Amino acid sequence: MTPTNLVPVLDLNPLPAPYWVFKLLLLLTFFLHLLAMNAMLGGAVLAVLARFAGKDRAHGNRVFFDVAKKIPSLLPATVTLGIAPLLFLQVIYGQFFYTSSVVMAWPWFSVLVMLTIAYYGFYYVSYRGGKDPGRAGWVMLVSTLLITAIGFIYSNNITLSMNPDRWAAKYFAHPNGLNLNLTEPSLFPRFLHFFVAAIAVGGLLLVFMALANWKRDNDYARRLLYYGGKTFTFATMAQFVVGIVFLMSLPRDMVMLFMGGNPLASGLMVFGIVASAVAIVIMSKAVRTANIRAAAVHVPAITAIVIGSMVVMRDILRDAYLKPWFHPEQFTVKTQWTVLPLFLVLFVAGVALWLVMMWRFFKAKGTSAS
């Protein structure tokens, strides 16, 4: 049985808009999802570290509870912003994504269970953790581990969806759906690449908190800047190593895409490396000189652009993996002109509203510790 026989036929229903529109929306919404997800997961990890690993217990507890109050808002933002790219992914790559989801059915289904438990845990810490700080730390740790496990399962599903030649062996070995893609060489480096990025963005979350507290409690804000800035710097430095390991774990023909085989992929990789180095230099100087503006404005702007470039590189890699089976020209298109303009207007308005909400969220007085 060849992989071609295993890949379901293309959905015969025509696309309601040109293929490139769905591709653009997929990349844009996934980018927004990554921003929220990285801030949520990275913030949770740093909160746990502040609770258990901080030398100054009083300061560590304050950082812990200050960050914990934000996670219940960042988690639904992550989920909401993740629905759109998941839908667009299913529209374009549904024949691959649905199949891999069926092959690893039970781990995929467990995502809902783990997400619900983690959600309750984060809310418990945020609203009742102050009455029992000891228990709150452990609840936060368990919830953070569950969110991390969800990310690992997603990495399994995405990598499996890009390798149809492995579906048959996994399905017939465990037709009950108890499968993961652990034999994929790039799985752990790929997951680690996302996880370390989340730690870096979690550091930026603390920097934003420092900005919100800069005039109200400057001593606390400077500590947040130091903790968040140092975390961002070291995590971004670690990304250079993780990125190289991830690249070397790919098949040779995929590696060559980023070594001149694909001009866009190669250019974006070089840009990402240079821009990340610049962000490290700016953040290091900002921490030394307590330059909150550079740390909270310049570095996040550069980081957002780097994340955007990584999203495009990831998409190029996926299309390269699926090239033998995925042919966008096979899509039939019947543009629904009566609906598409309204959808695009509402989409832009929705994104703008979300950005305004996030801005007010971080500017609100309630974001500082009382």
**Prompt:** Helix 133-161 sits at what angle to the longest principal axis of the chain, using alpha carbons and giving 0 to 90 degrees rounded to 10?
**Reply:** 20
**Model label zone, Ala173; criterion: amide N under 17 Å from point 7 Å along Cα-to-beta-carbon; scope region 91-118** = 100-108
**Part-to-part distance (alpha-carbon centres) for region 31-48 and region 244-319, which is given in Å** = 18
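Compute the FRET efficiency between Ile83 and Tyr226 as 1/(1 + (r/R0)^6), taking r as their Cβ-Cβ distance and R0 = 35 Å, and round to the nearest 0.05.
Computed FRET efficiency for Ile83 and Tyr226 comes out at 0.45.
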**Prompt:** Can you list the HN-Hα couplings for region 332-340, worked out from phi with the Karplus curve (6.51, -1.76, 1.60; θ = phi - 60°), rounded to whole Hz and with x for Gly and Pro?
**Reply:** 9, 10, 9, 5, 8, 5, 6, 10, 4
**Request:** Treating only the Cβ atoms of Lys and Arg (+1) and Asp and Glu (-1) as charged, compute the dipole magnitude of the chain about its Cα centre; round to the nearest 20 debye.
**Result:** 1440
**Prompt:** Can you pull the three principal axis extents for the Cα set of region 146-211, in Å, largest first?
**Reply:** 54, 20, 14
**Request:** For region 245-256, just list the computed ³J(HN,Hα) in residue order, Karplus coefficients 6.51, -1.76 and 1.60, θ = phi - 60°, integers in Hz, with x standing in for Gly and Pro.
**Result:** 4, 4, 4, 6, 7, 7, x, 4, 5, 6, 4, 5
**Request:** Distance between Cα centroids, region 171-238 to region 60-98: provide it in whole Å.
**Result:** 14
**Item:** Highest-first arrangement of 302-315, 248-261, where packing means the average Cβ count within 10 Å
**Value:** 302-315, 248-261
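Sort 143-152, 237-246, 9-18 by the packing proxy (mean of other Cβ within 10 Å over each peptide's residues), most packed first. Provide the component values of the computation, followed by the final result.
Numbers: 143-152: 19.6, 237-246: 15.7, 9-18: 12.6.
Packing order, densest peptide first, comes out as 143-152, 237-246, 9-18.
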**Message:** Within 14 Å, Cβ to Cβ, of Ile153, how many net charges do the neighbouring residues add up to if Lys/Arg are +1 and Asp/Glu are -1?
**Reply:** 0
**Asked** Sequence-distant or interchain residues sharing an amide H contact under 5 Å with Leu15, placed H: which?
**Response** Thr332, Val333, Lys334
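How compact is region 106-237 by the rule of thumb for globular proteins, expressed as Cα Rg over 2.2 N^0.38 Å? Numbers along the way, then the final one.
Working: Rg = 19.2 Å, N = 132, 2.2 N^0.38 = 14.1 Å.
Compactness ratio reported: 1.36.
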**Prompt:** Given the Cα-Cα distance of Phe240 and Leu264 and 0.36 nm per residue of separation, how much length would full extension add, in nm?
**Reply:** 6.7 nm
**Request:** Note down the net charge around Lys323, summing +1 for each Lys or Arg and -1 for each Asp or Glu among other residues with Cβ under 14 Å from its Cβ.
**Result:** -4
**Around Met259: net Lys/Arg minus Asp/Glu count, Cβ-Cβ under 13 Å** = 0
**Prompt:** What nm distance separates the two modelled labels at Gln330 and Asp56, each placed 7 Å from Cα along Cα→Cβ?
**Reply:** 6.1
**Request:** Could you go through region 342-347 in sequence order and give the Karplus-derived ³J(HN,Hα) for each residue, using 6.51 cos²θ - 1.76 cosθ + 1.60 with θ = phi - 60°, rounded to whole Hz, and x for Gly and Pro?
**Result:** 5, 4, 5, 5, 5, 5
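Taken together, the values in this text are just the output of simple stated rules run on the coordinates, not laboratory data. Values in this document were obtained by computation on a predicted structure and should not be read as measured data. Positions of Cβ are backbone-derived with ideal geometry, glycine not excepted, and every protein chain shown enters the neighbour counts.
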